[in-house]
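J.: Can you read through this structure? Questions will come right after.
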Amino acid sequence: MPKLSKQALQARRDQILEAAIRCFCRLGYQGTTMRDIFAESELSAGAVYNYFQSKEEIIQAVAERNRIADRATIAPEDISPESAVAALPQLIDLYFGSLEAERQTGFARMEVSLLNEAAFQGNITATLKTNRTEARNALTQFVRHYLAGIMPDADVNPDHFAELMFAVHQGLMLAAALNEDVDILAVAALLPRIRFA
């Protein structure tokens, strides 16, 4: 049997991850079995187990993809105080706008399901804590530049504003997971209007 190319291997891995995400969105983490993932991916058990030995391994891979995506959204490489001021509305559109899509796809339900599971599963807890810490740190860096651009002499702790952004995001993610009637972008748009004096 001929070996699969690197691209084909990556495509197969992505196929499994996408299938698992659809299952987690539909059934929750606990409600999803490996059999569900086999069926959703249209692959044999052996084919899936060549890439992932368990749901825990799959969710670690999903979390890593999310971490990379969040990092790219929140922390552009060449940020400066001036560019951060101009980029904040775009950051809010990306960081919070994705929640509306996650409401429609069920991805927000999956994330809330994983946060619940993290309270009980050691490996998942560690992975999600790492991701959340990285998101907070990236937001803090962005906010530090943003505040330097709008009020360079102000005595404002960027950690606190970044934590506020993160907390608002988490709260709106729960609203999206529960499909509550909340205008996510309208709420998020209030953040740049906060006065720091």
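J.: Please verify whether residue 11 is surrounded by fewer than 17 Cβ atoms within 10 Å (Cβ to Cβ), in contact (Cβ under 8 Å) with a residue 12 or more places away in the chain and either in a helix (DSSP H, G or I) or hydroxyl-bearing (Ser, Thr, Tyr) (or both), treating the condition exactly as stated. Talk me through it step by step, then tell me what you get.
T.: Working: surrounded by fewer than 17 Cβ atoms within 10 Å (Cβ to Cβ): yes; in contact (Cβ under 8 Å) with a residue 12 or more places away in the chain: no; either in a helix (DSSP H, G or I) or hydroxyl-bearing (Ser, Thr, Tyr) (or both): yes.
So residue 11 fails the test.
J.: Would you mention how many residues in the range 33-48 are surrounded by fewer than 15 Cβ atoms within 10 Å (Cβ to Cβ) and farther than 16 Å from residue 114 by Cα?
T.: Initially, the range 33-48 is screened for residues surrounded by fewer than 15 Cβ atoms within 10 Å (Cβ to Cβ), giving 33, 35, 39, 42, 44-47.
With farther than 16 Å from residue 114 by Cα added as a condition, the list becomes 35, 39, 42, 44-47.
Residues that pass the stated criteria total 7.
J.: If you scan the range 6-33, which residues turn out to be basic (Lys, Arg) and farther than 20 Å from residue 104 by Cα? Before the answer, list the steps.
T.: Step one: filter the range 6-33 for residues basic (Lys, Arg), giving 6, 12-13, 22, 26.
6, 12, 13, listed by residue number.
J.: Which numbered condition trips up residue 156, out of (1) assigned to a helix (DSSP H, G or I); (2) among the hydrophobic types (A, V, I, L, M, F, W, C); (3) over 13 Å from the mean Cα position of the chain (by Cα)?
T.: Every condition holds for residue 156 apart from (1).
J.: Before we move on, is residue 106 surrounded by 15 or more Cβ atoms within 10 Å (Cβ to Cβ), of a type in the set (Gly, Ala, Ser), on the phi > 0 side of the Ramachandran plot and in contact with a helix residue (DSSP H, G or I) (Cβ under 8 Å, 6 or more places away or on another chain)?
T.: Details: surrounded by 15 or more Cβ atoms within 10 Å (Cβ to Cβ): yes; of a type in the set (Gly, Ala, Ser): yes; on the phi > 0 side of the Ramachandran plot: yes; in contact with a helix residue (DSSP H, G or I) (Cβ under 8 Å, 6 or more places away or on another chain): yes.
Here the answer is yes, as residue 106 does meet what is asked.
The rows are residues; the columns are (1) over 19 Å from the mean Cα position of the chain (by Cα); (2) in a helix (DSSP H, G or I).
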site	(1), (2)
133	no, yes
137	no, yes
143	no, yes
152	yes, no
160	yes, yes
163	no, yes
167	no, yes
174	no, yes
182	yes, no
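J.: Hey, among 65, 26, which residue is among the basic types (Lys, Arg), in the same structural domain as residue 136 (by TED's automatic domain parsing) and touching a residue at least 40 places away in the same chain (Cβ under 8 Å)?
T.: Values: 26 fails: in the same structural domain as residue 136 (by TED's automatic domain parsing).
It is 65.
J.: Could you tell me whether residue 117 is within 29 Å of residue 59 (Cβ to Cβ), modelled with pLDDT under 85, crowded, with 18+ Cβ neighbours inside 10 Å and not hydroxyl-bearing (Ser, Thr, Tyr)? Working first, answer last.
T.: Details: within 29 Å of residue 59 (Cβ to Cβ): yes; modelled with pLDDT under 85: yes; crowded, with 18+ Cβ neighbours inside 10 Å: yes; not hydroxyl-bearing (Ser, Thr, Tyr): yes.
Yes.
The values are calculated or read from the model by the stated rules, or taken from the named source; none is laboratory data. Everything quoted here is computed from the prediction, not taken from an experiment. Heads up, the Cβs are rebuilt from the backbone with ideal geometry, glycines too, and the neighbour counts pull from every protein chain shown.
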